[in-house]
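Visitor: Provided herewith is a single structure, encoded as structure tokens, for subsequent inquiry.
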Amino acid sequence: MEIASPHRLGQAVVEGRLDARDRLAVALDFPSATAALAFVDRLEGRCRWFKVGMELFYAAGSGLIHDLREKGFEVFLDLKLHDIPNTVAGAVRSVTATGASLLTLHASGGERMMLAAVEAAQASGSPRLLAVTVLTSMDAADLNGTGVASSPRDQAIRLALLAQKCGVAGMVCSPEEVEVLRGKLDVGNLLVVPGIRPAGAPIGDQRRISTPGSAIRDGASMLVVGRPITQAADPAQAAASILAEIEAAS
């Protein structure tokens with residue numbers, strides 16, 4: 001299985017040659033490595049990228065990342081790091097040893113934190129960093145409750161531009177911000193978009209959502225999809241349908 005490494009994804013975005021399977025990361029939101037790996041087998045090799053979030057990583061540890069890499073997959077480690085600069089830099093160095101290809105940190109951690117993370121990620125084999133802007137589960141009222149008066153769109157733009165200034169070459173944003181960010185950020189910047197729901201799918205706890213095709217047409221580099229695939233009666237077919245929609249929109 002040929003895989004586009006994260007360090008080649010940016011150039012592929014510039015050249016407009018991303019394959020559909022490079023543009024879908026399936027979120028393995030499972031409580032154990034056993035359940036996650038059993039699900040991966042059900043996808044019958046249709047997908048190249050898997051997102052491992054906090055629930056699964058805290059339960060299974062780095063051994064799961066090794067197992068996925070041994071099977072030929074790329075791992076998007078979604079830990080949303082947010083701490084003092086020294087601690088986040090240390091976490092980036094620790095993650096480098098796991099073989100994960102992408103790693104998230106919160107842009108709201110600020111400039112010094114992101115600069116420390118970027119410096120730590122200069123080491124050989126380090127994951128490519130993605131700065132999370134505003135969570136797709138948050139709306140204006142949620143932001144206001146934290147003391148942020150800006151709209152989710154304005155706050156996402158502000159944080160994405162700050163992350164780019166710090167040298168973070170990829171952002172996580174909702175479908176509602178991807179088009180405007182594609183116009184404001186450097187051409188090769190990865191835009192990774194969760195909150196993806198095929199037409200007619202339940203939205204769950206998400207607030208700012210889109211269909212796969214719409215997000216790709218708006219400029220998304222990679223889509224993150226969880227429940228529409230993991231909770232489908234036929235996950236392999238659900239993944240194949242989303243891949244076909246990505247291909248058609250590319």
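Visitor: Checking Gly125 against (1) open to solvent by 10 Å² or more (accessible area, probe 1.4 Å); (2) closer than 25 Å to Leu68 by Cα; (3) under 17 Å from the mean Cα position of the chain (by Cα), only one condition comes out false. Which one?
Guide: (3)
Visitor: Scan the range 189-197 and give yes if some residue there is more than 19 Å from Leu18 (Cα to Cα) and either free of Cβ contacts under 8 Å to residues at least 24 places away in the same chain or among the aliphatic types (A, V, I, L, M) (or both), otherwise no.
Guide: If we filter the range 189-197 for residues that are more than 19 Å from Leu18 (Cα to Cα), which is where we start, we get 195, 197.
Next, from what is left, pick out any that are either free of Cβ contacts under 8 Å to residues at least 24 places away in the same chain or among the aliphatic types (A, V, I, L, M) (or both): none.
No, the range 189-197 contains no residue that is more than 19 Å from Leu18 (Cα to Cα) and either free of Cβ contacts under 8 Å to residues at least 24 places away in the same chain or among the aliphatic types (A, V, I, L, M) (or both).
Visitor: If you don't mind, there's one more thing I want to ask. Can you find, within the range 80-97, the residue that is farthest from the chain's Cα centre (by Cα) among those that are of a type outside the set (D, E, K, R), within 20 Å of Ala169 (Cβ to Cβ) and open to solvent by 20 Å² or more (accessible area, probe 1.4 Å)? Quick ask: steps written out before the conclusion?
Guide: First, pick out the residues of the range 80-97 that are of a type outside the set (D, E, K, R): 81-82, 84-92, 94-97.
With within 20 Å of Ala169 (Cβ to Cβ) added as a condition, the list becomes 81-82, 85, 88-89, 91-92, 95-96.
Filter once more, so that each one left must be open to solvent by 20 Å² or more (accessible area, probe 1.4 Å): 81-82, 85, 91, 96.
Details: Leu81: 13, His82: 16, Pro85: 22, Ala91: 18, Thr96: 17 Å.
Ranking the qualifying residues of the range 80-97, first place goes to Pro85.
Visitor: Here are the criteria: (1) assigned to a loop (DSSP other than H, G, I, E, B); (2) open to solvent by 30 Å² or more (accessible area, probe 1.4 Å); (3) closer than 30 Å to Asp41 by Cβ. Tell me which single one Ser241 does not satisfy.
Guide: Answer for Ser241: the failing condition is (1).
Visitor: Of everything in the range 56-79, what is free of Cβ contacts under 8 Å to residues at least 60 places away in the same chain, buried (at least 16 other Cβ atoms within 10 Å of the Cβ) and not acidic (Asp, Glu)? Give them in sequence order.
Guide: Matches in the range 56-79: Leu56, Phe57, Ala60, Ser62, Leu64, Ile65, Leu68, Arg69, Val75, Leu77, Leu79.
Visitor: May I pose another question? Residue pairs, Cβ under 7 Å, 6 or more apart or interchain, first in the range 150-173 and closer than 22 Å to Glu119 by Cα, second among the charged types (D, E, K, R). List them.
Guide: Matching pairs, first to second residue: Leu161/Lys184; Leu162/Glu111; Gln164/Asp186; Cys166/Glu111; Ala169/Arg128; Gly170/Arg128.
Visitor: Could you list all residues from the range 161-189 that are part of a helix (DSSP H, G or I), open to solvent by 10 Å² or more (accessible area, probe 1.4 Å) and over 22 Å from Arg227 (Cα atoms)?
Guide: Residues satisfying the conditions are Leu161, Leu162, Gln164, Lys165, Glu179, Val180, Arg182, Gly183, Lys184.
Visitor: Which residue pairs have Cβ atoms under 8 Å apart, sit 6 or more places apart or on different chains, and have a first residue in the range 215-230 that is free of Cβ contacts under 8 Å to residues at least 60 places away in the same chain and part of a helix (DSSP H, G or I) and a second that is of a type in the set (Lys, Arg) and open to solvent by 10 Å² or more (accessible area, probe 1.4 Å)?
Guide: Once the first residue is free of Cβ contacts under 8 Å to residues at least 60 places away in the same chain and part of a helix (DSSP H, G or I) and sits in the range 215-230, its partners that are of a type in the set (Lys, Arg) and open to solvent by 10 Å² or more (accessible area, probe 1.4 Å) give Asp218/Arg182; Pro228/Arg197.
Visitor: With respect to Thr136, is the statement that it is of a type in the set (Val, Ile, Thr) and open to solvent by 20 Å² or more (accessible area, probe 1.4 Å) true?
Guide: So Thr136 fails the test.
Visitor: Among the candidates Arg158, Arg153, Arg112, Arg93, single out the residue that is modelled with pLDDT under 95 and part of a helix (DSSP H, G or I). I'd like the intermediate steps shown before the answer.
Guide: Working: Arg158 fails: modelled with pLDDT under 95; Arg112 fails: modelled with pLDDT under 95; Arg93 fails: modelled with pLDDT under 95.
Arg153 is the lone residue from the list that is modelled with pLDDT under 95 and part of a helix (DSSP H, G or I).
Visitor: A further question follows. Between a first residue in the range 39-51 that is touching a residue at least 60 places away in the same chain (Cβ under 8 Å) and a second residue that is surrounded by fewer than 18 Cβ atoms within 10 Å (Cβ to Cβ), which pairs have beta carbons less than 7 Å apart while being 6 or more apart in sequence or on different chains?
Guide: Arg42/Ala236; Leu43/Ala236; Glu44/Ala236; Arg46/Ala236; Arg46/Ala240
Visitor: Being of a type outside the set (D, E, K, R), modelled with pLDDT under 95 and not in a helix (DSSP H, G or I) is the filter here; which residues of the range 128-140 pass it? Talk me through it step by step, then tell me what you get.
Guide: If we filter the range 128-140 for residues that are of a type outside the set (D, E, K, R), which is where we start, we get 129-138, 140.
Next, only the ones that are modelled with pLDDT under 95 stay: 134-138, 140.
Answer for the range 128-140, where residues must be of a type outside the set (D, E, K, R), modelled with pLDDT under 95 and not in a helix (DSSP H, G or I): Val134, Leu135, Thr136, Ser137, Met138.
Visitor: I've got another one for you. Of the residues that make up the range 31-47, is at least one under 17 Å from the mean Cα position of the chain (by Cα) and modelled with pLDDT of 95 or more?
Guide: Here is the first cut: in the range 31-47, the ones under 17 Å from the mean Cα position of the chain (by Cα) are 47.
This time we only want the ones that are modelled with pLDDT of 95 or more, so: none.
There is no residue in the range 31-47 that is under 17 Å from the mean Cα position of the chain (by Cα) and modelled with pLDDT of 95 or more.
Visitor: Among the residues of the range 190-224 satisfying the criterion of being within 27 Å of Leu161 (Cβ to Cβ), among the basic types (Lys, Arg) and at pLDDT below 90, which is surrounded by the most Cβ atoms within 10 Å (Cβ to Cβ)?
Guide: Among those that are within 27 Å of Leu161 (Cβ to Cβ), among the basic types (Lys, Arg) and at pLDDT below 90, it is Arg208.
The values are calculated or read from the model by the stated rules, or taken from the named source; none is laboratory data. As the structure is a computational prediction, the values presented were derived from the model and not from experiment. Positions of Cβ are generated from backbone atoms using ideal geometry, with glycine treated the same way; all protein chains shown enter the neighbour counts. These accessible areas exclude ligands, DNA and RNA; they are computed on the full protein's heavy atoms, side chains included. Shrake-Rupley method; radii C 1.70, N 1.55, O 1.52, S 1.80 Å.
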